[in-house]
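Everything on this sheet refers to the single structure shown next.
The values are calculated or read from the model by the stated rules, or taken from the named source; none is laboratory data. Keep in mind that this is a model prediction, so the values were computed, not measured. We place every Cβ from the backbone using ideal geometry, glycine too, and count neighbours over all the protein chains shown. With ligands, DNA and RNA removed, areas are computed over all heavy atoms of the protein, side chains included. Shrake-Rupley method; radii C 1.70, N 1.55, O 1.52, S 1.80 Å.
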Amino acid sequence: MRSRFSIVRGPALAVFTLGLATAPAADAAPASPAPAVPQPAGYSIHGYNFNSGNYRGAIDAQTGDLWLTSVSPMNGPTKSTIYRLNPNTMSVKQRINVTQKADTDGHGTIAAQYEIGVPKTGHTVWTTAAAANGGEANVWDKNTGRRLANLRNLPHSHSIVFAEDLRVAIISVTPGLVFFDMDTYKRLGEVRYPSGGKQLGAGTIVTDQGPDGATVTTTSYYTDLTQFRLTRSGDKVRAKVKWNTRQTIREGHGSVAADTTTNRLYVNNLYNGLSVYNLRTGKHVGDVTTGPGTNSMLVFQGKLYAANYFLGFISVINQKTLGVTQLMTTGLLPNQLLGWKKNTFLVIDKASSITELPSGMAKMPLPPLGGDHIYKITKH
């Protein structure tokens, strides 16, 4: 199978020839303003129209750029793109078109890239392709757009996070986690969820790390929720279970968020809201009802924000009382809440993917969609 990727140029983008780049003279034109939304008390919300097929984003800590994956159509991808954006204007600085054909078991025709991660150090961007060839990941040079590594045998590859002091990349897969060297891309080991039964690795977070090890918490889409302590010796990563629990909701767990200052761990469920756990012990603390479709979560300025993908609103949650104190909206299908600046976070929506909604919701009267959007929510 021949891999085909193209790094393209617009009127003011970086020039790429055979994977070699010259510096851009300026950014491309700013994106156009998104439809206005209600302005909640204490916040301002402004957005941009961007693309059709937005999926996940990651902020580059070195440059401040926003890296974004785009997949369309979602129910059978034929187009996959990785964008590098100026988040101040959402202008495109770089674009990697993924055209590689793949065995996707009927889910489209190409090796669509979904989740994305950008290490705080180095020169790489990592993406996962859950449906491609049984599951794989790719490593890209963020300066040239060239693919540096294609990592295979990663069944339903999902989340990608980094224990940078150990130089370890962590990818969640169906049975658990797989570890790679961040510099050589060598596979360093793997660990399975300890509870057996039906599994599908999903959201993963690193909450404590140093040269001596890293603490990693990961949820299965089904019931397992596990915290591991990772250590590394040469080309071997070992994972020791710190705690493991079985979640009461049997499925729908795709995202995790944590606050080390409050010792809280949050896990979504798509059917009713989210659950709260003690980050150090795994003890179940309580549940928060935020409605069906609760997806991405973000701890921001001491509060928890939870996006409701199906119903199109964002809940603001008090971490002490676990009460919903405010609701706001950026429109349809908010798919990711992403920290950006000290007082601003981003909302990446997939409004164009309205066919993903349950059939009853999809029949509701809807405004003109006009593609996807990226909103900025600033707290005053």
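What ranking of Lys240, Lys186 comes out by heavy-atom accessible area, probe 1.4 Å, highest first?
From most accessible down to least: Lys240, Lys186.
At 1.306 mPa s and 10 °C, plugging the Kirkwood radius over alpha-carbon pairs of the range 115-259 into Stokes-Einstein gives what diffusion coefficient in µm²/s?
Value of D from the Cα-based Kirkwood radius: 105 µm²/s.
Sort 85-92, 167-174 for me by packing, meaning the mean count of neighbouring Cβ atoms within 10 Å per residue, highest on top.
Top to bottom by mean Cβ count within 10 Å: 167-174, 85-92.
In 10 Å bins starting at zero, report the fraction of Cα pairs in the chain per bin as a rounded %.
5, 24, 35, 27, 9, 1
Carbon and sulfur atoms: what percent of the 1.4 Å accessible area of the chain do they account for?
53
Compute from the Cα atoms of the range 47-164 the Rg and the Dmax, the latter being the longest Cα-Cα distance, and quote both in angstrom.
13.5, 39
Just need the relative contact order of the chain here, percent rounded to a whole number, with Cα pairs under 8 Å and 6+ apart.
About 12 percent, as a whole number.
Using a 1.4 Å probe, how large is the accessible area of Trp126, given in Å² and rounded to the nearest 10?
Only protein atoms counted, so the area is about 0 Å².
Pick out, in residue order, every one of the trypsin sites (Lys or Arg not before Pro) in the range 242-327 that is DSSP loop and has at most 15 other C-beta atoms within 10 Å; say none if there are none.
Answer by residue number: Arg250, Arg280, Lys283, Lys320.
Grab the DSSP H runs of the chain that are 4 residues or longer, score each as -39,500 (n - 2.57), total them, divide by all residues and round the 222 nm result to the nearest 500 deg cm²/dmol.
When only DSSP H runs of four or more count, the value is 0 deg cm²/dmol.
With the other protein chains left in place, how much accessible area per residue, in square angstrom, belongs to the chain at a 1.4 angstrom probe?
41
Picking from Leu225, Leu154, Leu327, which is most flexible by a Gaussian network model of the chain using Cα springs under 10 Å?
Result: Leu327 has the largest fluctuation of those listed.
Take the cross-link list Lys79/Lys101; Lys93/Lys120; Lys283/Lys341 and give me the ones stretching past 22 Å between alpha-carbons.
Lys283/Lys341
Just from the alpha-carbon atoms, what are the Rg and Dmax of the range 143-228 in angstroms?
Looking at the range 143-228, its Cα Rg and Dmax stand at 13.1, 43 Å.
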